[in-house]
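Visitor: Dumping the structure here so I can ask a few things about it.
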Amino acid sequence: MAFNGTWKVDRNDNYEKFMEEMGINMVKRKLASHDNLKITVEQTGDKFHLKEVSTFRTVEINFTLGVNFEYSMADGTELTGSWVMEGDTLKGTFTRKDNGKLLILNRHTLHSLNSKQFR
């Protein structure tokens, strides 16, 4: 499944609790819950180029499925990990560099007539 296009985050289930468990302080958690993230994806085979645009920053990321890379979250938290495809799900497994906590992300696509959304 190709993820090409511009995507809006539909929802982040348990996002506040997740950020708390990851050690993100309350002020940053409150800001992050209102970041209005949009992601533009260009996929060519197993190579991806992402542009993340939010209220607080714009960042571009290049990665290849199954290959570890480093990433900095909006709050400055440094991660290392990789993305893989499992069926029609893009699954990311990352580890925080500062405290070793594991972060697992699952990206599913929802299509409607007027929008594209990540879940």
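The values are calculated or read from the model by the stated rules, or taken from the named source; none is laboratory data. Note that the structure is a prediction, hence the values are computed from the model and not measured. With ideal geometry, Cβ positions are generated from the backbone for all residues, glycine too; neighbour counts draw on all protein chains shown.
Visitor: Could you list, in sequence order, the residues of segment 101-119 that are assigned to a strand (DSSP E or B), loosely packed, with under 14 Cβ neighbours inside 10 Å and at pLDDT below 80?
Guide: Those that are assigned to a strand (DSSP E or B), loosely packed, with under 14 Cβ neighbours inside 10 Å and at pLDDT below 80: LEU110, HIS111.
Visitor: Kindly provide the set of residues from segment 19-42 that are part of a strand (DSSP E or B) and either buried (at least 17 other Cβ atoms within 10 Å of the Cβ) or of a type in the set (Val, Ile, Thr) (or both), ordered by number.
Guide: Quick first cut of segment 19-42, residues part of a strand (DSSP E or B) only: 38-42.
Passing the criteria: ILE39, THR40, VAL41.
Visitor: What pairs come up if the first residue lies in segment 60-82 and is in contact (Cβ under 8 Å) with a residue 60 or more places away in the chain and on the phi < 0 side of the Ramachandran plot, the second is among the hydroxyl-bearing types (Ser, Thr, Tyr) and surrounded by 13 or more Cβ atoms within 10 Å (Cβ to Cβ), and their beta carbons are under 6 Å apart, counting only those six or more places apart or on different chains?
Guide: Partner pairs satisfying both residue conditions: none exist.
Visitor: Just checking, which of THR40, THR44 is at pLDDT 90 or above, closer than 14 Å to GLY5 by Cβ and out of contact with any strand residue (DSSP E or B) (no Cβ under 6 Å at 6 or more places or on another chain)?
Guide: Numbers: THR40 fails: out of contact with any strand residue (DSSP E or B) (no Cβ under 6 Å at 6 or more places or on another chain).
The unique qualifying residue is THR44.
Visitor: Which residues, taken from segment 72-84, are surrounded by 15 or more Cβ atoms within 10 Å (Cβ to Cβ) and within 20 Å of HIS49 (Cα to Cα)? Give the steps one after another, and end with the answer.
Guide: The first filter runs over segment 72-84 and keeps only residues surrounded by 15 or more Cβ atoms within 10 Å (Cβ to Cβ), leaving 73-75, 77, 79, 81-83.
Scanning segment 72-84 gives MET73, ALA74, LEU79, GLY81, SER82, TRP83.
Visitor: While we're on this one: For segment 48-70, name all the residues that are surrounded by fewer than 15 Cβ atoms within 10 Å (Cβ to Cβ), under 22 Å from MET85 (Cα atoms) and not hydrophobic (A, V, I, L, M, F, W, C).
Guide: Of everything in segment 48-70, those that are surrounded by fewer than 15 Cβ atoms within 10 Å (Cβ to Cβ), under 22 Å from MET85 (Cα atoms) and not hydrophobic (A, V, I, L, M, F, W, C) turn out to be HIS49, LYS51, GLU60, ASN62, THR64, GLY66, ASN68, GLU70.
Visitor: Of all residues in segment 37-59 being among the hydroxyl-bearing types (Ser, Thr, Tyr) and free of Cβ contacts under 8 Å to residues at least 12 places away in the same chain, which is nearest to LEU103 (Cα to Cα)?
Guide: If we take residues in segment 37-59 being among the hydroxyl-bearing types (Ser, Thr, Tyr) and free of Cβ contacts under 8 Å to residues at least 12 places away in the same chain, then THR58 is nearest to LEU103 (Cα to Cα).
Visitor: Another question, then. Confirm whether GLU16 is surrounded by 13 or more Cβ atoms within 10 Å (Cβ to Cβ) and part of a helix (DSSP H, G or I). Please lay out each step first, then the result.
Guide: Numbers: surrounded by 13 or more Cβ atoms within 10 Å (Cβ to Cβ): yes; part of a helix (DSSP H, G or I): yes.
Here the answer is yes, as GLU16 does meet what is asked.
Visitor: So, of the residues in segment 85-100 that are at pLDDT below 90 and either surrounded by 13 or more Cβ atoms within 10 Å (Cβ to Cβ) or in contact with a strand residue (DSSP E or B) (Cβ under 8 Å, 6 or more places away or on another chain) (or both), which turns out to be nearest to LYS47 (Cα to Cα)?
Guide: The residue in question is LEU90.
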